[in-house]
Amino acid sequence: MDVVRASKRLSYVLRHRPDSVGLELDPAGWADVDRLLAALHLTREQLERVVATNDKRRFELRGDRIRAVQGHSVAVELGYAPERPPPVLFHGTVERFLPSILAEGLRPGRRHAVHLSPDVATARTVGARRGRPVVLRVDAARLADDGTTFSRSANGVWLVDAVPPSYPALLEG
């Protein structure tokens, strides 16, 4: 089994298209493991290996249920509690998106939330998925003080509805 390929397929199904394999997610994004295994032609051991070895810890497996921890484009309510963010968070992207981000801020696009990283290295890795990365520094303390609610996913990604244009700045260097 190709673990990376299985992880990508699992992400696609649990975040975007559960219907592509005949699955339904509950309101919190959970799917039945046995139905998922049958639909993806995986064993429980293979699924556990994918979950355990995923470097981004994208999945949460609890008994007979599994879900993606963030990044959904389908309607789910993950139930993460509001949490005070650290003073600064980071967002990785590519240069072609900078004009729109600097003019309009960070928006979730097809996903439910904007994803922010706790450190520059993680943000750079995220941005590198689409080309040469650039990193934005987000004034999370000021954003929270101004009334924005933050939550943190099970894998440490900070989630927020949007980041207005006055809060992110291009990180120099």
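The values are calculated or read from the model by the stated rules, or taken from the named source; none is laboratory data. Note that this is a predicted model, so its numbers are computed, not measured. Cβ atoms come from the backbone with ideal geometry, glycine included; neighbour counts cover every protein chain shown.
Assorted remarks:
- Boolean, Thr149 is outside any strand (DSSP E or B), surrounded by 17 or more Cβ atoms within 10 Å (Cβ to Cβ) and either in contact (Cβ under 8 Å) with a residue 60 or more places away in the chain or polar (S, T, N, Q) (or both): no
- The residues on offer are Glu24, Glu45, and the sole one that is loosely packed, with under 15 Cβ neighbours inside 10 Å, of a type in the set (Asp, Glu) and either touching a residue at least 60 places away in the same chain (Cβ under 8 Å) or not in a loop (DSSP other than H, G, I, E, B) (or both) is Glu45.
- When Val69, Val76, Val50, Val94 are checked against the criterion of being more than 23 Å from Gly131 (Cβ to Cβ), in contact with a Pro (Cβ under 8 Å, 6 or more places away or on another chain), surrounded by 13 or more Cβ atoms within 10 Å (Cβ to Cβ) and not acidic (Asp, Glu), Val76 stands alone in meeting it.
- Residue in the range 29-36 that is in the same structural domain as Val13 (by TED's automatic domain parsing), surrounded by 12 or more Cβ atoms within 10 Å (Cβ to Cβ) and in a strand (DSSP E or B) present: yes
- Val126, sole failed condition from (1) in contact with a Phe, Trp or Tyr (Cβ under 7 Å, 6 or more places away or on another chain); (2) under 24 Å from Ser73 (Cα atoms); (3) among the aliphatic types (A, V, I, L, M): (1)
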